[in-house]
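This report refers to the structure that appears directly beneath it.
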Amino acid sequence: METWVVVLIVLAVVALIVWGIITMVEVLQEYERGVVFRLGRVRGRPKGPGLIILLPFNIDRMRKVTIQTMAMNVPPQDVITKDNVTMRVDAVVYARVVEPVPAVVKVQNYLFAVSQAAQTNLRAMLGKYDLDTLLSEREAINRELHGIIAQRTHDWGVEVIGVEVKDVDLPDELRRAMAREAEADREARALMISADAERKASRLLSDAAAILSQNPGAMQIRFLQTVAAVATEQNSTLVMPIPIELLNLFGRLGGGDSGNGLPAAPPPAVSPPASSQGSQDPEEGRPPERGNGRPG
């Protein structure tokens with residue numbers, strides 16, 4: 001009977017030794033650090049990476065903390081802008097632990113704490129801007145939000161690397177209104193560009209008309225070019241005006257004045273020379289009077 005008791009005691013001691021050896025050894029990865037608590041008191045500096053030797057039987061307890069950069073998604077938040085526009089905004093926060101001891105001791109769950117700080121500051125800060133600023137000054141808002149959250153999490157041993165507003169969900173009515181506004185703006189710019197092009201074209205046409213007026217031959221060449229351009233369309237009816245030079249040619253062939261292209265006026269009638277036998281009766285040169293067609 002005593003032999004069995006001794007065997008049981010030996011087995012218990014061996015089990016305790018094995019369990020103590022197992023609890024004494026911990027291995028930390030390169031991206032992990034260990035905060036050691038000895039009888040409830042935190043040791044000075046975090047341990048790791050590599051092999052860590054602890055006191056057995058839970059005298060030393062270690063809590064592992066990762067120092068990798070974490071991307072935390074901020075849930076969509078209902079934000080009312082300065083110009084009373086309601087929208088939903090979500091963001092992403094990039095953070096990492098730089099001091100494992102404060103991250104474990106000063107805050108219960110540093111991931112949850114960083115997420116809540118990002119949500120509250122996101123709603124508070126975006127409410128100070130109007131809609132146009134939120135849509136156009138995204139980078140400046142990200143920098144300001146990053147500074148506010150980083151200042152809040154600095155005492156927790158957590159460094160906020162960056163904050164980015166990911167998506168801005170606008171109401172459908174507001175989207176349609178913004179689309180109409182953008183379309184009207186584009187049409188206004190198009191009209192301004194077209195008017196400016198017309199003004200420049202009118203100046204060029206005025207200069208061209210002044211040059212062509214000094215060279216009538218150039219005007220005829222331009223006319224023939226226009227005729228050739230119109231004649232390329234097979235379904236067009238071409239109306240040919242008569243050139244001025246052709247009218248001048250007809251005037252010269254008819255003996256008219258070649259200056260204006262019209263036939264010359266007939267020469268004035270020459271009166272016969274007066275008779276030398278004295279004055280005639282004034283009734284002689286008068287044509288016979290016509291009757292009224294009735295018999296006398």
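Observations on the structure shown:
- The sole residue among Thr120, Thr226, Thr133 that is surrounded by 12 or more Cβ atoms within 10 Å (Cβ to Cβ) and over 30 Å from Val98 (Cβ atoms) is Thr133.
- Selection count, segment 58-68, where residues are more than 52 Å from the chain's Cα centre (by Cα) and touching a residue at least 24 places away in the same chain (Cβ under 8 Å): 4
- Residue satisfying all of: in segment 82-95; part of a loop (DSSP other than H, G, I, E, B) and not acidic (Asp, Glu); surrounded by the most Cβ atoms within 10 Å (Cβ to Cβ) among these: Val85
- Residue in segment 57-66 that is surrounded by fewer than 13 Cβ atoms within 10 Å (Cβ to Cβ) and not assigned by TED's automatic domain parsing to the domain that holds Arg33 present: no
- Unique residue being under 30 Å from Pro46 (Cβ atoms), surrounded by fewer than 16 Cβ atoms within 10 Å (Cβ to Cβ) and in contact with an Asp or Glu (Cβ under 8 Å, 6 or more places away or on another chain) when the list is Val105, Val98: Val98
- Residue check for Val79: at pLDDT 85 or above, surrounded by 15 or more Cβ atoms within 10 Å (Cβ to Cβ) and either assigned to a loop (DSSP other than H, G, I, E, B) or under 60 Å from the mean Cα position of the chain (by Cα) (or both): yes
- From the options Arg33, Arg88, Arg96, residue that is under 22 Å from Gly162 (Cα atoms) and in contact with a Pro (Cβ under 8 Å, 6 or more places away or on another chain): Arg88
Residue-by-condition table, conditions (1) over 30 Å from Val97 (Cβ atoms); (2) at pLDDT 85 or above; (3) of a type in the set (Gly, Ala, Ser):
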site	(1), (2), (3)
His146	no, yes, no
Ile149	no, yes, no
Asp172	yes, no, no
Glu183	yes, yes, no
Ala195	yes, yes, yes
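- The residue of segment 1-53 that is nearest to Arg63 (Cα to Cα), among those that are over 60 Å from the mean Cα position of the chain (by Cα) and in a loop (DSSP other than H, G, I, E, B), is Leu39.
- Members of segment 1-57 found to be free of Cβ contacts under 8 Å to residues at least 24 places away in the same chain and among the small types (Gly, Ala, Ser), listed by number: Ala12, Ala15, Gly40, Gly44, Gly48, Gly50
- If you go through segment 23-56 and keep only what is exposed (fewer than 10 other Cβ atoms within 10 Å of the Cβ) and not charged (D, E, K, R), you end up with Leu39, Gly40, Gly44.
The values are calculated or read from the model by the stated rules, or taken from the named source; none is laboratory data. In this text the structure is predicted, and so the values were computed from the model without any measurement. Cβ atoms come from the backbone with ideal geometry, glycine included; neighbour counts cover every protein chain shown.
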